[in-house]
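Scroll down for the structure; my scribbles are underneath it.
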Amino acid sequence: MQIAVSGGKGGTGKSTVAVNLAIALKQLGTELTFADLDVEAPNDHLLLGVELANEEPVVQFMPRFDYSKCTKCRKCAEVCEEHAIITLKDGTPFLMPNLCSGCRACEIVCPVPGAILEGQRLIGHTYITPTPYGFTLVTGKLREGEERSMPLVVAAKKKALEVRKGLLFIDTAAGTGNTVSKAVEFSDLLIAVTEPTPLGIHDTELILELGKLMEMPTWVVINRADLGEKEKVYELAKKYGAEVVAEIPYSENIVKSYVEGKPIVLTNYPEAEIFEGLAERVLKFIGGGE
Amino acid sequence: MQIAIASGKGGVGKSTITASLLYFLKDEYKLIAVDADAEAPNLGLLLGVIEWEEEREHIGAKVARINTESCIRCGICMERCPYDSIYIDDEGNYVVNELTCEGCNVCGLVCPVPGTIALEEVRSGVVRKATTKYGFPIISAQLDVGRPESGKLVTEEKEWAKKIMEELNLEHMVVDSAAGIGCQVIASLGGADVAILIAEPTPASLSDVQRAYKVVQHFREPAYLIINKADINPGFTKLREWAEAEGIPILGEVPYDRAIPESMVMLKPVVEAFPESKAAKALREIAERIKGEIIG
């Protein structure tokens, strides 16, 4: 089983919902592994109050040219979809490392064995962090200055699949580009966190579209439900065959617990019940109910 | 001058603050706004843009397609795809997941049957333009769901904006960048003269703004900081300490104010909707500092 929490717009409360829901699920006895695939801005460890541990480098292939063997045929440059290889007038190839995606297309087409050598570049890290909540957190973190987050999302997701125990529970980045699709891919359930402001509604439509394209059962959690027009979220959910499963009011307690790094579900505040209720619904879903 | 506004973390108030600053700058300067969050563009909405005057389709994303007729099901494409974007469907056909394909063409190059796998150009999204009711133009974009490389759309937005600046003799471009630190943000910051970072006093926002600042440093651009929701976490002093240690001038602090979400619902910058609110007052002071210290 795999469940992804996403939301289109940044700052709707994706990570808050993901973290609290994961803890609540564990408290109900569900074995799970939590993956933070927001590799450009990974924060779930901060919300869980843990320090990232067990760092492993993610390296990517990068061509190195052996100019003594290169015949200057330009095939490598022609095949590079990222235009990461430029050639001089005489055909000598040069790499612009920042544009290289590490796909190896250049190596595949190079007609001279050994003219393209294996080079490597560090693009980020993965972390496997034990948490005091009874589940492991897997985090992907892109190196600053790297443009391409896709290879890191792929690496972090692979790592999560390797170490997973029970349910794989995923928190994604904001947006609806292909790195979010990659994080969400193969989920049995997509939980979209939204807020009922016009901005939130605009972006919710996009994430619901993604759920539809991926043919995934999709739930909607309305955060800060008392700000704006939540009826519009209900209408939108209906249009996409998604179900609104929870409303979280704007709450000082949630803001307070968020800034203090104490998940609200562990407090005695009444808002904790919302996440417990949501966890029970998820449990029913996983159990084959509904 | 090109001013880029970035934060690393989403939801800290980048677009809200950008909209308000534009509102304060519009009378004195000839501006153009660029919403560089192509995956979740919101600046246009905050400036009350409902209809776009001009929209250009951006064809440029590439996805691989496999011809199931000629495919011999050898599986090499699936094995070699760097992004695990090829799978076998229920009928046993090898299929490319267009929502995760990066268009690198490795599958096409390794396929032993010529013509079976080809890259096809598809629409990656739209770039569009409007004139706001405040008189200045805005360029925005919308990436199609599941498409790669929103950074290319941002680059195109900025090119269009530069053309309009020449045509209309505009002086300043204000770029509202996306969350994160990837291609969209790099395209937003590239070529900027100055970066204004927005953060809130939480560990998550501090961590993300530090990452965004490292990207700013790559470009060797001077950076400034605005602290938003400054009073939500009184005990948290690390954000301020970090800025001081790095020598990043703090342009001001905006208090948490319910007037902000309420103004968002009204699709207006908070400084227009609630000019007497405490957030608006703080933003007015920040705008004055930007006029004095940055734009000059």
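The values are calculated or read from the model by the stated rules, or taken from the named source; none is laboratory data. Everything numeric in this text was worked out from a predicted model, so none of it was measured. Methodologically, a virtual Cβ is constructed for each residue, glycine included, from the backbone with ideal geometry; neighbour enumeration extends over all protein chains shown. Ligands, DNA and RNA are stripped out before the accessible areas are found, and what is left, the full protein with its side chains, is counted by its heavy atoms. Shrake-Rupley method; radii C 1.70, N 1.55, O 1.52, S 1.80 Å.
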Using the beta-carbon distance between residue B:220 and residue B:90 and R0 = 60 Å, what value does 1/(1 + (r/R0)^6) give for FRET efficiency, to the nearest 0.05?
0.65
Count the net charge of all other residues whose Cβ sits under 13 Å from the Cβ of residue B:251, scoring Lys and Arg as +1 and Asp and Glu as -1.
0
Computed for region A:63-118: size of charge dipole around the Cα centre, +1 on C-beta of each Lys and Arg, -1 on C-beta of each Asp and Glu, debye to nearest 20, value 180
Size of the dipole of the protein assembly as shown about the Cα centre, Lys and Arg at +1 and Asp and Glu at -1 on the beta carbon, nothing else charged, in debye to 20?
980
Quick one: divide the alpha-carbon radius of gyration of chain B by 2.2 N^0.38 Å and tell me what you get.
1.15
As I understand it, the dipole of the protein assembly as shown uses +1 on the Cβ of Lys and Arg and -1 on the Cβ of Asp and Glu, about the Cα centre. Which of B:265, A:259, B:179 lies farthest toward its positive end?
B:179
Taking 41 Å as R0, compute the FRET efficiency from the Cβ-Cβ separation of residue B:69 and residue B:166 and round it to 0.05.
0.20
Rg ratio (alpha-carbon, reference 2.2 N^0.38 Å) - region A:72-133
1.55
Please give, to one decimal in nm, the separation of the simple spin-label points placed at residue A:215 and residue A:273, each 7 Å out from Cα toward the Cβ.
4.0
Express in nm, to one decimal, how much length is gained between residue A:78 and residue A:99 on full extension, taking 0.36 nm for each residue of separation and deducting their alpha carbon distance.
6.1 nm
State the percentage of accessible surface on the protein assembly as shown attributable to carbon and sulfur atoms; use a 1.4 Å probe and exclude ligands, DNA and RNA.
49
Candidate lysines - alpha carbon under 22 Å from residue A:262, same-chain residues fewer than 8 apart omitted:
A:14, A:26, B:9, B:229, B:238
Kindly provide the trypsin sites (Lys or Arg not before Pro) of region A:158-207 that DSSP labels as loop, not H, G, I, E or B, and whose Cβ sees at most 13 other Cβ atoms within 10 Å.
A:165
Which parts of region B:10-46, residue by residue, lose 40 Å² or more of accessible area when the rest of the protein chains are there, as against the chain isolated (1.4 Å probe)?
B:39, B:40, B:42, B:45
The size of the Cβ-based charge dipole (Lys, Arg +1; Asp, Glu -1) of chain A about the Cα centre, to the nearest 20 debye, is 960
Can you tell me how the protein assembly as shown classifies by the Cα gyration tensor, rounded, prolate or oblate, using a/c under 1.5 as the rounded cut?
oblate
Counting other Cβ atoms within 10 Å, which trypsin sites (Lys or Arg not before Pro) in region A:51-148 have at most 11 and lie in a DSSP loop?
A:89
Packing-based ranking, highest mean first, of A:226-234, B:141-149 given that Cβ atoms within 10 Å are counted:
B:141-149, A:226-234
Just to be sure I understand: with springs between alpha-carbon atoms less than 10 Å apart, which residue in B:101, B:111, B:74 has the highest mean-square fluctuation in the Gaussian network model of chain B?
B:74
Just the number please: accessible area per residue for the protein assembly as shown, 1.4 Å probe, all protein chains included, in Å².
39
Which loop trypsin sites (Lys or Arg not before Pro) in region B:1-94, with loop taken from DSSP, have no more than 13 other Cβ atoms within 10 angstrom of their Cβ?
B:73
Label model pair residue B:121, residue A:188: point-to-point distance (7 angstrom along the Cα→beta-carbon line) in nm is 4.3
By how many nm would the segment from residue B:51 to residue B:245 grow when fully extended, if each residue of separation counts as 0.36 nm and the alpha-carbon distance is taken off?
65.4 nm
Note on chain A, DSSP bridge orientation, antiparallel percent to nearest 5 equals 45
State log₁₀ I(q)/I(0) for region B:59-123 at q = 0.13, 0.14, 0.24, 0.29 Å⁻¹ as given by the Debye formula over alpha-carbon point scatterers of equal weight, solvent excluded.
-0.29, -0.33, -1.00, -1.42
Got a sec? Which residues in region A:103-139 would a label at residue A:54 touch, if it sits 7 Å along Cα→Cβ and we count backbone N under 17 Å?
A:125-139
I'd like the isolated cysteines in the protein assembly as shown, meaning no second cysteine's beta-carbon lies under 4.7 angstrom from theirs.
A:70, A:73, A:80, A:100, A:110, B:71, B:74, B:81, B:101, B:111, B:183
Quickly work out the residue A:165-to-residue A:67 label distance, labels modelled 7 Å from Cα along the C-beta direction, and quote it in nm with one decimal.
5.4
